[in-house]
């Protein structure tokens, strides 16, 4: 049996990180939590990568943290690693998409919520389950969940630890798009290509504005200085596809 691991594949402008622990429905081990920030740093530093996709191997996304690691450490160490991984994912400067099949539960939902967008296959299940284990969900994760689904839906998920289907997840804002199983992969690939063709500067400026308190005054200046605005306007007037070149380097 292959050991639990995270796998990184780069195709074109899209980096895909796959959670691979099929023996436990892709539950995250301590080593996997530790590995994720470094993988993200590698992708962030690669100018060829413009979009990151997080997904699970096989028919499930991630069933959360490997409970055996929680039992061994009473939840303290692994939870801190999970928060560090979640924060690294949320801080990733380029657009991120969670491609969700099957179960997206506990730490898996924590990771999906840290992505910019979540596309799911029909039949996927979502849940935030610390109340089943007597674990206090991290404050930063709680606030991130509430910012996506609102306080009432966050309380429902956290208080009950019940799983919800894609219909409800879409309704409360936990999911952005739902597709038949066989169409999810092509749709994520297609949308990642759309994002890769847009201005990375615009995307980074938007992410920064949504996650910090700065006034963002530097971004319009950088857009003009870098030539992104000039290229976008010229392409529009010439009715061609823009060739944006800003990488943030």
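The values are calculated or read from the model by the stated rules, or taken from the named source; none is laboratory data. If you're wondering where the values come from, they're calculated on a predicted model, not measured in any experiment. A quick note on method: Cβ atoms are made from the backbone with ideal geometry, for glycine too, and the neighbour counts reach across all protein chains shown.
If you check residue 116 against the conditions, is it in contact (Cβ under 8 Å) with a residue 40 or more places away in the chain, assigned by TED's automatic domain parsing to the domain that holds residue 21, in contact with a strand residue (DSSP E or B) (Cβ under 7 Å, 6 or more places away or on another chain) and under 30 Å from residue 227 (Cα atoms)? Spelling it out, residue 116 is indeed in contact (Cβ under 8 Å) with a residue 40 or more places away in the chain, assigned by TED's automatic domain parsing to the domain that holds residue 21, in contact with a strand residue (DSSP E or B) (Cβ under 7 Å, 6 or more places away or on another chain) and under 30 Å from residue 227 (Cα atoms).
Do you know which residues across region 8-26 are outside any strand (DSSP E or B) and either under 16 Å from the mean Cα position of the chain (by Cα) or not assigned by TED's automatic domain parsing to the domain that holds residue 190 (or both)?
Selection gives 26 alone.
For beta carbons closer than 9 Å, sequence separation of 6+ or different chains, a first residue in region 205-223 that is at positive phi and a second that is modelled with pLDDT under 95 and part of a helix (DSSP H, G or I), the qualifying pairs are 216/208; 216/209. Kindly evaluate residue 85 against the criterion of being at pLDDT 95 or above, more than 24 Å from residue 187 (Cα to Cα), assigned by TED's automatic domain parsing to the domain that holds residue 148 and touching a helix residue (DSSP H, G or I) at 6+ places or on another chain (Cβ under 9 Å). Yes. Of everything listed in (1) closer than 30 Å to residue 63 by Cβ; (2) not assigned by TED's automatic domain parsing to the domain that holds residue 17, the single unmet condition for residue 183 is (2). Note on region 176-230: among residues that are touching a strand residue (DSSP E or B) at 6+ places or on another chain (Cβ under 6 Å) and assigned to a helix (DSSP H, G or I), the one that is surrounded by the most Cβ atoms within 10 Å (Cβ to Cβ) is 192.
Only one of 167, 162 is outside any helix (DSSP H, G or I) and either in the same structural domain as residue 63 (by TED's automatic domain parsing) or buried (at least 20 other Cβ atoms within 10 Å of the Cβ) (or both). Can you tell me which?
When all the criteria are applied, what remains is 162.
Scanning region 115-130 for residues that are crowded, with 24+ Cβ neighbours inside 10 Å and within 8 Å of the chain's Cα centre (by Cα) yields one hit, 118.
Does residue 136 qualify as being at pLDDT below 95 and not in a strand (DSSP E or B)? When the stated conditions are applied, residue 136 passes them. Taking the condition over 16 Å from residue 32 (Cβ atoms) and under 15 Å from the mean Cα position of the chain (by Cα), does residue 144 pass? Answer is yes for this residue.
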